[in-house]
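The values are calculated or read from the model by the stated rules, or taken from the named source; none is laboratory data. Because the structure is predicted, anything quoted here is derived from the model rather than measured. Here Cβ is always computed from backbone atoms with ideal geometry, including for glycine, and neighbour counts include all displayed protein chains. For the accessible areas, the whole protein counts, side chains as well, though only heavy atoms, and no ligand, DNA or RNA atoms are used. Shrake-Rupley method; radii C 1.70, N 1.55, O 1.52, S 1.80 Å.
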Amino acid sequence: MQRLFLHHLLAANARIEADRGQVNYLINVLRLKDGDQLLVFNGKDGEWLAEIGEATRRSCVLNLRERTRTQTGLPDLHYLFAPLKQARLDYMVQKAVEMGAGTLRPVMTQHTQSSRINVERMEANVREACEQCGIISIPQVRQSDSLVSVIDGWRSNEGSRQLIFCDEAEPGQQTLSTLEKIPAGPLAVLIGPEGGFSAEERQLLRAQSFVTPLPLGPRILRADTAAVAALAVIQAGLGDWR
């Protein structure tokens, strides 16, 4: 069944007028008509079964019938990443949401390719991923910050959360055995830029007691590939895939 994110409050018997973009998507693209049903959510009130009504090419209403799922909380996994060029950033954001990240946080490093972050576009990609993958809790998108500032504020802002950074230069370590050494508790994963972390950044990260370097196999991965690989390994070893 089609799913649609809404900004409106959702409640039994609510009548919601779809905006222009939603009408075009539902009526002209999906070709839904009066009586057709879909699922709607807003990240706060759970998921609801809605029915199309009063449909024309330019307008329609969504009549809420019943709640199909109660609201769930966000996954407690933070995803930090050096921004990429736009198309690959879109992909990486969507995949991070699919893989169970609850917070997305851009981090500026010395080798970051793009310093301009379109937060609204990131949020739109987050919502689209939620629509497609049955997710009803909308991950948070934070403003970007420098790696140095992130590390400086970690203990006061993140408490006991462990930060796993993917280090392509980590020699002689096995991915799974490294995961076994990470203490239980809240986690964050940090993916660097295409050029990798600088020597100074790797030194800074390794000096922190809350940071664990994680190798991702014998091959150097593209940053967007590394994001999916790292999140899959962490979810399988320490997260909600166990």
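For the reader, a short list of remarks on this structure follows.
- Taking the range 16-50 as the range and being open to solvent by 50 Å² or more (accessible area, probe 1.4 Å), closer than 21 Å to ARG69 by Cβ and in a strand (DSSP E or B) as the test, only GLN37 passes.
- Any hit, the range 87-100, residues being of a type in the set (A, V, I, L, M, F, W, C) and more than 17 Å from ARG222 (Cβ to Cβ): yes
- Any chance GLU128 is in contact (Cβ under 8 Å) with a residue 24 or more places away in the chain and either within 19 Å of the chain's Cα centre (by Cα) or part of a loop (DSSP other than H, G, I, E, B) (or both): yes
- The set of residues in the range 1-11 being out of contact with any strand residue (DSSP E or B) (no Cβ under 6 Å at 6 or more places or on another chain) and either open to solvent by 80 Å² or more (accessible area, probe 1.4 Å) or modelled with pLDDT under 95 (or both) consists of HIS7, LEU9.
- Tallying residues that are in a helix (DSSP H, G or I), under 17 Å from LEU187 (Cα atoms) and open to solvent by 60 Å² or more (accessible area, probe 1.4 Å) within the range 145-161 yields 3.
Residues are listed down the side, and each one gets a yes or a no for (1) part of a helix (DSSP H, G or I); (2) crowded, with 16+ Cβ neighbours inside 10 Å; (3) modelled with pLDDT of 90 or more:
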residue: VAL107; (1), (2), (3): no, yes, yes
residue: HIS111; (1), (2), (3): no, no, yes
residue: SER115; (1), (2), (3): no, no, no
residue: GLN143; (1), (2), (3): no, no, yes
residue: LEU163; (1), (2), (3): no, yes, yes
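- Residues of the range 82-105 that turn out to be over 14 Å from ALA129 (Cα atoms), open to solvent by less than 30 Å² (accessible area, probe 1.4 Å) and in a helix (DSSP H, G or I), as a count: 0
- Residues (of a type in the set (A, V, I, L, M), over 18 Å from the mean Cα position of the chain (by Cα) and closer than 11 Å to ASP167 by Cα) located in the range 200-242: LEU205, LEU214, LEU216, ILE220, LEU221
- Matching residues in the range 51-74 - criterion: being open to solvent by less than 40 Å² (accessible area, probe 1.4 Å) and of a type in the set (A, V, I, L, M, F, W, C): ILE52, ALA55, CYS60, VAL61, LEU62, LEU64
- Members of the range 197-242 found to be surrounded by fewer than 16 Cβ atoms within 10 Å (Cβ to Cβ), part of a helix (DSSP H, G or I) and among the acidic types (Asp, Glu), listed by number: GLU200
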